[in-house]
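Student: This structure is in C-alpha cells; I'll ask about it shortly.
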Amino acid sequence: MIKITPQEYQTYCKYIYDICGITLTPKQAYLIETRLAQLIKKMDCSSFSELYNKSKADRLKKLEQEIIDAITTNETYFYRDKSPFDLLQHKILPDLIDKRANRPGLPTTIKIWSAACSFGQEVYTIAITLKELLGKDISNYRISIVGTDISDEAIARSSYGLYNQFEVERGLPPNKLRLYFDQVDKGWRIKDELRSMVSFRKLNLFQSFAALGRFDIIFCRNVAIYFSPPDKVKLYEKIGGAMAPDGYLVIGAQESLTGITDIFAPQRYMRSIFYGLKGK
C-alpha cells in the first residue's frame, strides 16, 4: 500500500475539509491511506499527490465525488444502538401524534429527517418503527421520511433498498426481515410499502438545507463527531432552524450538546436523552 507523506497529508486534510467538512486529526493519515487505496490503484497513481492533482484537474468533479464516497463513513446497520428507536416508538411518536391530534381540520403530518443517512438502514428502521406503531391506521397520516447524504453511492444504494445477507443480519431481527423485505437474487430488498414512505436526497451539511423545509423529528447521529467545534455550532444551529417549534432532535448516544449551543433543551426518557428547542 502506498504511504502518504506528511506534506501530502496536510494537503488532503485541507482538501477533504473543503469538499465535505470532515476535520481529520494529525494522527489519521492511516484513514487516507486505507480508504483511498483502491482509488489510487484504479486511477493508476504512484502517489497521493498524483491522485490529488488528477482530482483538481477533473472539471466534471467525478474523481472528487469518488474521493468523497471513499472518505465519508458509511458504517451503519439496522436498529443501530436500538435505544433511539425505542425512544421514537414509545415516547417521541406518541407525544407528537397527541400534539398533532389537537389540530382539528388539519391533516396529521409526520415529517422526519435522517441526516447523513449512509446506506439507508436508519431511514428504513424509522419506517418500520412507524409501521409497527401505527399499524392499519398508518393510512390516516401524511408521512414523509427524508434521508440525506453527501455520497452519491450512498444515495443510490439507499434509494434502491437492496442489502446483502451480512447487512440484514446486523441488527435486524429475523421476524422483521421476513415481514419487511423480499428475498431477491442478490440479497434482500425492502418492500415497496416501506420504500414509498421514504425519499433520499444528496446534501452537504455545510451548505444550506433550508429547501428541505421543517421537520418534526431529526436524527443526526454520529455526524458532528467529524466536525470541528465551530462547525458543530453552525450545524446544530442550522438544524434548530429546520425543526418544527415543538420538534425533536436525536443525536448519538455518546454525543452531547453541552457547551456547543444553548438553543436546545435536553429531555430524558428512560436511559435516553433527546432535545427540543429551548422555550418551546
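Student: Is it fair to say P26 is outside the structural domain of Q254 (by TED's automatic domain parsing), at pLDDT below 95 and farther than 23 Å from A154 by Cα? Give the steps one after another, and end with the answer.
Tutor: Working: outside the structural domain of Q254 (by TED's automatic domain parsing): yes; at pLDDT below 95: yes; farther than 23 Å from A154 by Cα: yes.
In short, yes.
Student: Give, as residue ranges, the strands (runs of 3 or more DSSP E) completely inside region 156-261 that count at least 1 residues that are under 20 Å from the mean Cα position of the chain (by Cα), of a type in the set (K, R) and surrounded by fewer than 20 Cβ atoms within 10 Å (Cβ to Cβ).
Tutor: Working: elements: 181-184, 187-190, 198-202, 215-219, 243-250.
Where strands (runs of 3 or more DSSP E) fall fully within region 156-261 and carry at least 1 residues being under 20 Å from the mean Cα position of the chain (by Cα), of a type in the set (K, R) and surrounded by fewer than 20 Cβ atoms within 10 Å (Cβ to Cβ), they are 187-190, 198-202.
Student: Here's another thing I want to ask about it. Got at least one residue in region 34-52 being part of a helix (DSSP H, G or I), in contact (Cβ under 8 Å) with a residue 40 or more places away in the chain and within 25 Å of E167 (Cα to Cα)? Break it down stepwise before answering.
Tutor: Of the residues in region 34-52, the ones part of a helix (DSSP H, G or I) are 34-35, 37-42, 48-52.
Next, from what is left, pick out any that are in contact (Cβ under 8 Å) with a residue 40 or more places away in the chain: 48-49, 52.
Adding the requirement that they be within 25 Å of E167 (Cα to Cα) leaves none.
No, region 34-52 contains no residue that is part of a helix (DSSP H, G or I), in contact (Cβ under 8 Å) with a residue 40 or more places away in the chain and within 25 Å of E167 (Cα to Cα).
Student: Also, quick follow-up: Given (1) over 18 Å from the mean Cα position of the chain (by Cα); (2) part of a loop (DSSP other than H, G, I, E, B); (3) of a type in the set (K, R), identify the lone condition not met by K56.
Tutor: If we test K56 against (1) over 18 Å from the mean Cα position of the chain (by Cα); (2) part of a loop (DSSP other than H, G, I, E, B); (3) of a type in the set (K, R), just (2) comes out false.
Student: Any idea which of K202, K186, K176, K232 is touching a helix residue (DSSP H, G or I) at 6+ places or on another chain (Cβ under 8 Å) and more than 28 Å from T108 (Cα to Cα)? Give the steps one after another, and end with the answer.
Tutor: Details: K202 fails: more than 28 Å from T108 (Cα to Cα); K186 fails: touching a helix residue (DSSP H, G or I) at 6+ places or on another chain (Cβ under 8 Å); K176 fails: more than 28 Å from T108 (Cα to Cα).
Result of the check over K202, K186, K176, K232: K232.
The values are calculated or read from the model by the stated rules, or taken from the named source; none is laboratory data. None of these values were measured; they are calculated from a predicted model. No Cβ is skipped: glycine too gets one built from the backbone with ideal geometry, and neighbour counts run over all protein chains shown.
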